[in-house]
Each structure stands twice: as C-alpha cells, then as structure tokens.
C-alpha cells in the first residue's frame, strides 16, 4: 500500500459521511408522514444515484401516483419524503 492510498480512503470516507449527513438533514426537513391528502400541493424530496434533491415545483399524490400539481404529468423520480409548502419570506 502506498502512502497516498490512506489519504484517498480518508477523503472517500469523509465524502460518504458528508453525503449521508446531507441526506439525513434533508430528510429531517420533510415532515410528511404517510401519503398527503389527495390533490394537495406539496413539496417533495427525491433521490437517485447522485443523491437527494427537491423538485422546483409543487406535486400532488392521488391514486398511488405522484404528479406535477400544475401539469398533471406523472413524476419520473423516486419520491422519498414530502412536506406542506413552506411560506417564502419577503426579502
């Protein structure tokens, strides 16, 4: 094993821990339990192989499927959490 190998492993472990901490922090911000009331616009947190992300538009859940609340189009993302929309503060 070369000296640089330990440094690379340390960075990979730190990166993995950071990603997990970020995922857990984001999940903690989404407090919806179960499914939201049908037709209610909510914010969703999604996950894919690259990580977690919040969709920039409201979604709703009905008949076992997540949809874009405005267009009605089915989501092609994996929703892992939801919350009621947060009020935007005026700046």
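Every residue in region 27-42 that is at pLDDT 90 or above and surrounded by 12 or more Cβ atoms within 10 Å (Cβ to Cβ), please.
Across region 27-42, the qualifying residues are 27, 29, 30, 35, 36, 40, 41, 42.
Among the residues of region 48-75, write down those that are surrounded by 14 or more Cβ atoms within 10 Å (Cβ to Cβ), within 12 Å of the chain's Cα centre (by Cα) and assigned to a loop (DSSP other than H, G, I, E, B).
55 - this is the single residue of region 48-75 that is surrounded by 14 or more Cβ atoms within 10 Å (Cβ to Cβ), within 12 Å of the chain's Cα centre (by Cα) and assigned to a loop (DSSP other than H, G, I, E, B).
Could you tell me whether residue 45 is part of a helix (DSSP H, G or I) and modelled with pLDDT of 90 or more?
no
I'd like the residue in region 76-91 that is in contact (Cβ under 8 Å) with a residue 12 or more places away in the chain and in a loop (DSSP other than H, G, I, E, B) and, out of all such residues, is surrounded by the fewest Cβ atoms within 10 Å (Cβ to Cβ). Give the steps one after another, and end with the answer.
Taking region 76-91 as the starting set, the residues that turn out to be in contact (Cβ under 8 Å) with a residue 12 or more places away in the chain are 77-86.
Narrowing further to those that are in a loop (DSSP other than H, G, I, E, B): 77, 84-86.
Numbers: 77: 15, 84: 14, 85: 11, 86: 8.
By that ranking, first place goes to 86.
The values are calculated or read from the model by the stated rules, or taken from the named source; none is laboratory data. None of these values were measured; they are calculated from a predicted model. We place every Cβ from the backbone using ideal geometry, glycine too, and count neighbours over all the protein chains shown.
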